[in-house]
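In what follows, a single structure is set out as structure tokens and then discussed.
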Number of protein chains: 2
Amino acid sequence: MQPDIAVVAGLIGESTRARMLTALMGGKALTATELAVEADITAQTASSHLNKLVTGQLLVVRKQGRHKYFQLKGPKIAALLETLLNISNDIASARPPVTTGPADPRLRTARVCYDHLAGELSVKLYDSLITRKLIAQECEQVQLTAQGLDFFADIGASIAQGKSKRPLCKSCLDWSERRSHLAGITGQWILNDLFKQGWARKDLDSRVVQFTQQGLRLFSKKYSIDI
Amino acid sequence: MQPDIAVVAGLIGESTRARMLTALMGGKALTATELAVEADITAQTASSHLNKLVTGQLLVVRKQGRHKYFQLKGPKIAALLETLLNISNDIASARPPVTTGPADPRLRTARVCYDHLAGELSVKLYDSLITRKLIAQECEQVQLTAQGLDFFADIGASIAQGKSKRPLCKSCLDWSERRSHLAGITGQWILNDLFKQGWARKDLDSRVVQFTQQGLRLFSKKYSIDI
DNA sequence: TTAATACTACGTTGTCGGTCGAAGTATTGA
DNA sequence: TCAATACTTCGACCGACAACGTAGTATTAA
């Protein structure tokens, strides 16, 4: 029997739940109340939706005191949502040449895509890594070169493959830029490093990554990016 | 503004429409009536659904006489559906250890995944290509090796990259096998070649690829597969 | 303990949309 | 021309479900 794609798609295919899931693309675990605010509904309704999403295996929940933290269940779910974001963006921009929304410019510049960086800045990063031959892209597939491995070892990146099945590198299509950016373990490390260095912080209740002036300078220096 | 993933997901997230879309994963264009039969509804209801799917940009329609042929709009949509099939399969098999459905064995053996081959046989094909170093898989990414390019040139495959952005090779995760198989231009060529040689035919109203006895023999010989 | 917060369970309401019957238009074939 | 087929439009019905108010149960803070 074929798997029933309607149940999963149906869970995502309701605007309120979709807003919650999109909010969780920020990678951070959010509480039920936060998600209720995000989706602009009461706590009761949110509770009901979140229950469905957990039962439907799209979210996992961690209880902490009187709070319940919800999170996307894994990279697979995040990838599905990103695919949906891409296609939806294609469709939306194909439709009306009018109102090609300016969008939140900060969201367009840099945002979190589950566990890695997305947006203009991440595309520039990707281009730089390609130009410097630290990653190689063939056939729309990416991998670290020997130089790349050295480079990331030098800057102290702990990106050992480990026993996880996750690829070191993975290109992720950006819905705002329509260009590739870096996902996978390496992409995840870069984002974490960013925060650890204090170069940027995640906006509350949003996927926006807000760089400090100096952070942006140091970041672009580290990865040789022209701003 | 973020794209609204709810509309696309909502279109897929209705069981009747999901059945139609899954049927179209066979890659063949189907008429409205055929899809109505497939989904077990009347022609009126089917018409309404198909209209929505076309408006929603998931399908394209070609009019031919008094028939209307519907088809998935492109590889992107097919990829989205395949991702959904995978996740749904994971979820379904995680749930009840009971009724791990035997499924249609023929569907499990060989089926069409939009424009390439999927199922047990395709996974074996993939493994054979890897073993013989005709394709290389690193970091979960695939590409044709030099030998691979020679091999496919020898057997007359016209798999020039062309100006299309489609990758030559692409691994596609199989929902029935939980293993990779070959997609992309090369995967498409192999499937077409199969039919051209008369080694197999597509079942009507299904994704099943039905091999002839001799076809299976010649196919496995051509690609050095152990059956 | 009392009060406040975070979340949940239940019952009601109202809307949205899937479904089909009936009737209509276009195309094909005899 | 007449009849059959393929698809669409309209209208009505009805079930599903999102939303919330009320009323609960945990957990924390004072």
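General observations
- Applying both filters, DSSP loop and at most 11 other Cβ atoms within 10 Å, to the trypsin sites (Lys or Arg not before Pro) of segment A:32-76 gives A:66.
- Segment B:105-222: relative contact order in percent, alpha carbon pairs under 8 Å with at least 6 residues between: 28 percent
- Across the identical copies, how the residue A:65 labels are spaced - nm, sorted shortest first, 7 Å along Cα→Cβ: 7.2
- Measuring r between the beta carbons of residue A:48 and residue A:227 and using R0 = 30 Å, the FRET efficiency lands at 0.10.
- Simple label model, 7 Å out from Cα along Cβ direction - residue A:40 to residue A:193, nm: 4.0 nm
- Taking 12 Å as the cut-off, the amide N atoms of segment B:209-227 that come nearer than this to a point 7 Å along the Cα-to-beta-carbon line of residue B:132 belong to B:219-226.
- Normalised contact order of segment A:1-120, rounded percent, pairs of Cα under 8 Å and 6 or more residues apart: 25 percent
- Summed buried accessible area for A+B [probe radius 1.4 Å, Å², rounded to 100]: 4200 Å²
- Inter-copy spacing of residue B:224 label points, which lie 7 Å from Cα along Cα→Cβ, given in nm from shortest upward: 4.0
- Exam field: residue A:15 pseudo-label spacings to other copies (7 Å along Cα-Cβ), nanometres: 2.6
- Here the accessible area of segment A:104-222 is 51 percent carbon and sulfur, with a 1.4 angstrom probe and all protein chains present.
- With helices as the sole contributors, chain B gives -14500 deg cm²/dmol at 222 nm; each DSSP H run of n ≥ 4 counts as -39500 (n - 2.57), and the sum is divided by every residue.
- Relative contact order (%) - chain B, alpha-carbon pairs under 8 angstrom, separation at least six: 18 percent
- Label positions at residue A:93 and residue A:64, each projected 7 Å from the Cα along the C-beta direction, are separated by 3.6 nm.
- Theoretical FRET efficiency, 1/(1+(r/R0)^6), r = Cβ-Cβ of residue B:160 and residue A:160, R0 45 Å, to 0.05: 0.70
- In degrees, nearest ten, helix A:75-94 long axis to first principal axis of chain A (Cα): 90 degrees
The values are calculated or read from the model by the stated rules, or taken from the named source; none is laboratory data. Quick caveat: nothing in here was measured; it's all calculated off a predicted structure. Cβ atoms come from the backbone with ideal geometry, glycine included; neighbour counts cover every protein chain shown. All accessible areas refer to the heavy atoms of the entire protein, side chains included, with ligands and DNA or RNA removed. Shrake-Rupley method; radii C 1.70, N 1.55, O 1.52, S 1.80 Å.
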